[in-house]
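Accompanying notes for the structure given below.
The values are calculated or read from the model by the stated rules, or taken from the named source; none is laboratory data. Note that the coordinates shown come from a computational prediction; the quantities given were computed from them, not determined experimentally. Note: ideal-geometry Cβ built from the backbone for every residue, glycine included; neighbour counts use all protein chains shown. The area values use the complete protein model at the heavy-atom level, side chains included, leaving out ligands, DNA and RNA. Shrake-Rupley method; radii C 1.70, N 1.55, O 1.52, S 1.80 Å.
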Amino acid sequence: MRGSKVSIVDGYDYIALRLFSSIAPGFAKTFELDNVIKRAGLTIHPHLYAARVLMATFMALLLAVYIGVVVLLSSIELTAKIAVIAIVAITPILTLALGLSYPSIKADDRRKRVETELPFFASYLSAMAIAGIDVMSALERIASLKVFEGVRREAQLIVRDVRFLGKNPLDAIESNAVNHPSPIYRDLMLGYSATVKIGGNLVSYLEAKTNDIFKSRIEELKVMSERLAMYTELYIILAVIVSISFYTFYAVNAMFSGSGSSSLVQLLAFSFLFLPLSTIVILFLADRTYPKTPVKISSPQAMALSYGVPAALIVTPIVFYVTGAYRVLSGGMGVGVIIASIVTVATPLIAISIPGAYAWIIESRMSKGMGDSIASFLRDLVEVRKTGLGPEKSIIVLSTRDYGPLTPVIRRIASSLLLGLDVEKAVSSAVKGYRNWVLLASMRLLTDTITFGGGSVEALDSLARYARGIADFEAELSRRLRVYMIMPYIGALMVAGSTMLILAYMAQTLVMSRPSSEVINTIGLTALLISIGVIVNSWLMGLVAGKLRSGTLMAGFTHAIILTLVSMVTIAVTLRNLVGIIS
């Protein structure tokens, strides 16, 4: 399978170069692909990449022309022809734009990953320098550590240039940093090279730059929180204001014009296409804003799929019949049937969310307050180390103290040390099963500080100060993002409450002026469809609330359950205004 994929790519590149080799160099020069590809860290020649983009654009153009001709010769309506042709006409343009923007996207991703890990990277270099370890040995160590991802790749590139290309270590560092998309990383590494060349104090330089990096990360919080605020406001406009306006317009159009059934497609498209797509866009933008870490928390998602989906498939049909929601199939549109129907719709959403929410709660309990606990432990470790005890003995002494969520880890490390294991094995065994990146990175720094530097007081003190900086960063991030979780809750209540109240008011007015069975059935159908749309919208809002609060979609399962239940109760309460009208 792998060989066939390679042959397809080679064949594609061969055809692309045969067709566009003459214009690819000019194309690459015009759009400065050489610099962009270097910044992205892609291992491809600019001319070959240009040929690939031109080939993809040419294929998209041929496909667009073919589809356009087929549509023009078909017998569909003129409006549909114009719409289809307009869509296929922009396909080649979008293909070209995507091909040109891909290196920039990769460069931005490279920058974000490195800058997220940069405080730990700078702390590691500083601690190793205090311990007397040269930067090349430190980079070789980082190149093999899975706890890093962005800086590990940069270290691997530098080590590759030194080992296989024969470059001088300083030249390799400068070559890696000079075109790097992160100005902070570039400044750190170029400054390191310059300090070594002029014979400056390397330890002082690294400590000063590490402090500057921590300060700059705190300043970046303001920019990140402003972006998230903008995305939150945009989502509230789409999911709340637009939803209320659309549902109100739909209710008026359906009840007063009698076209409830004809507007069904519009409502379904809005509730199950527009709102989900809007949610996906907001989630993507928020994901691009949040710092990336190498450790992925996938257990809530895995539990939602492996347990939630089968549970939803089993429970939903049962609820459908037990609650009496099946009567909607025979035209029953009473308040009781509507409530039973929304309970049936909410059942699979909640069933999918419960296992994921449970897994996330367990995960978050293990990590809550971890940054502060790590900083406190390392500070105490420095103080105990000053008494003359060795680093291993100091850890054993501190294992009797309470460090919150870190306590089980410290006690496992101490138990392993008492059994005669070395620090590397003791720490690796103790953190097994944890997915908190701050914990894993801090323990890695502590392990290497003890293993390679002997756990000197100066190195441990430096590590403790940096751990406190990371804890302060996490605390400030949590404080700034707490407010954004409230907005989806307010939005869900507004959509569920105001929409159903408006619907009830219009229904009462309409029945008083035009009482008939047709009008009553239209009111019932309208209430049912809008209620289902509100339930789906509330569940999506919960996912967004979790993403905005914790930076991961998995945290949204809990909020999705709460908002779905709250919306169900709100709809049930407001539907009481329709009792006597559609009962």
On Cα atoms only, tilt of 242-257 relative to the major axis of the chain in degrees: 10 degrees
Degrees between helix 46-73 axis and first principal axis of the chain (Cα, 0 to 90, nearest 10): 10 degrees
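When you have a sec, figure out the Kirkwood radius of segment 298-444 from all distinct Cα pair distances and drop it here in Å to one decimal?
Numbers: mean 1/r = 0.0530 Å⁻¹.
In segment 298-444 this quantity evaluates to 18.9 Å.
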Shape box of segment 1-101 [Cα atoms, principal axes, largest first, Å]: 49, 34, 24
Computed log₁₀ I(q)/I(0) - Debye formula, equal Cα scatterers, no solvent, segment 352-430, q 0.14, 0.20, 0.21, 0.27 Å⁻¹: -0.52, -0.87, -0.93, -1.25
Only Lys, Arg (+1) and Asp, Glu (-1) charged, at Cβ; segment 144-187 dipole about Cα centre in debye: 220 debye
In degrees, nearest ten, helix 91-130 long axis to first principal axis of the chain (Cα): 40 degrees
Taking the convex hull of Cα positions in segment 411-560, its mean projected area over all directions (nm²): 12.6 nm²
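If the viscosity is 0.890 mPa s and the temperature 25 °C, what translational diffusion coefficient in µm²/s does Stokes-Einstein give for the chain when Rh comes from Kirkwood over Cα pairs?
The Stokes-Einstein estimate is 87 µm²/s.
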Linear extension gain, Phe284 paired with Leu73, 0.36 nm per residue minus alpha-carbon span: 72.0 nm
Residue among Gly469, Phe320, Val457 farthest towards the positive dipole end of the chain, charges placed on Cβ: Phe320
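With N denoting the number of residues in segment 357-486, provide Rg(C-alpha) divided by 2.2 N^0.38 Å, to two decimal places. Could you put the intermediate results ahead of the total?
On the way: Rg = 15.1 Å, N = 130, 2.2 N^0.38 = 14.0 Å.
With N residues counted in segment 357-486, Rg over 2.2 N^0.38 Å equals 1.08.
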The chain, relative contact order [Cα under 8 Å, separation at least 6], %: 16 percent
Length gained when the stretch Arg365-Arg160 is fully extended (0.36 nm per residue, less Cα-Cα span): 69.7 nm
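I need the calculated FRET efficiency for the pair Val457 and Arg576, taking r as the beta carbon distance and R₀ as 56 Å, to the nearest 0.05. Display every interim value, and only then the final one.
Values: r = 70 Å, r/R0 = 1.25.
So, using R0 = 56 Å, E works out to roughly 0.20.
Given N residues in segment 18-171, what is Rg(Cα) / (2.2 N^0.38 Å)?
Details: Rg = 23.2 Å, N = 154, 2.2 N^0.38 = 14.9 Å.
Normalised by 2.2 N^0.38 Å, the Cα Rg of segment 18-171 equals 1.56.
Is there a pair in Lys146/Lys368; Lys146/Lys547; Lys209/Lys547; Lys209/Lys425 whose C-alpha atoms are over 27 Å apart, and which pairs would that be? Walk me through the intermediate numbers first.
Numbers: Lys146/Lys368 23 Å; Lys146/Lys547 25 Å; Lys209/Lys547 32 Å; Lys209/Lys425 32 Å.
From Lys146/Lys368; Lys146/Lys547; Lys209/Lys547; Lys209/Lys425, over 27 Å: Lys209/Lys547; Lys209/Lys425.
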Nearest-0.05 FRET efficiency for Asp108 and Asn201, computed from C-beta distance (R0 45 Å): 0.85
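Which value does Rg/Rh take for segment 403-451 over its C-alpha atoms, Rh per Kirkwood?
Details: Rg = 10.1 Å, Rh = 10.8 Å.
On the Cα set of segment 403-451, Rg over Rh gives 0.93.
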All lysines inside 19 Å of Lys215 as judged from Cα atoms, apart from same-chain residues fewer than 8 positions distant: Lys112, Lys292
Alpha-carbon Rg/Rh ratio, for segment 126-283, with Rh computed the Kirkwood way: 1.33
Extended-chain gain in nm, criterion 0.36 nm per residue less alpha-carbon gap, Thr91 and Lys432: 118.0 nm
Set of lysines with alpha-carbon distance to Lys29 below 24 Å, sequence-local pairs under 8 removed: Lys38, Lys106
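Dipole size in debye (nearest 20) for the chain around its Cα centre, Lys and Arg Cβ +1, Asp and Glu Cβ -1? Display every interim value, and only then the final one.
Details: 53 positive and 39 negative charges, 103 e Å.
Roughly 500 debye, rounded to the nearest 20.
First check a/c for segment 122-206, with a ≥ b ≥ c the square roots of the eigenvalues of its C-alpha gyration tensor; if it is under 1.5, answer rounded, and if not, answer prolate when a/b is larger than b/c or oblate otherwise.
Numbers: a/c = 1.32, a/b = 1.15, b/c = 1.15.
Cα axes put segment 122-206 in the rounded bin.
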Interchain or long-range residues, amide H under 5 Å from Tyr434's placed H: none
Accessible surface, per residue, of the chain when the full set of protein chains is kept, probe 1.4 Å, Å²: 47 Å²
Contact order relative to length of segment 382-512, as percent, for alpha carbon pairs under 8 angstrom and 6 or more apart: 18 percent
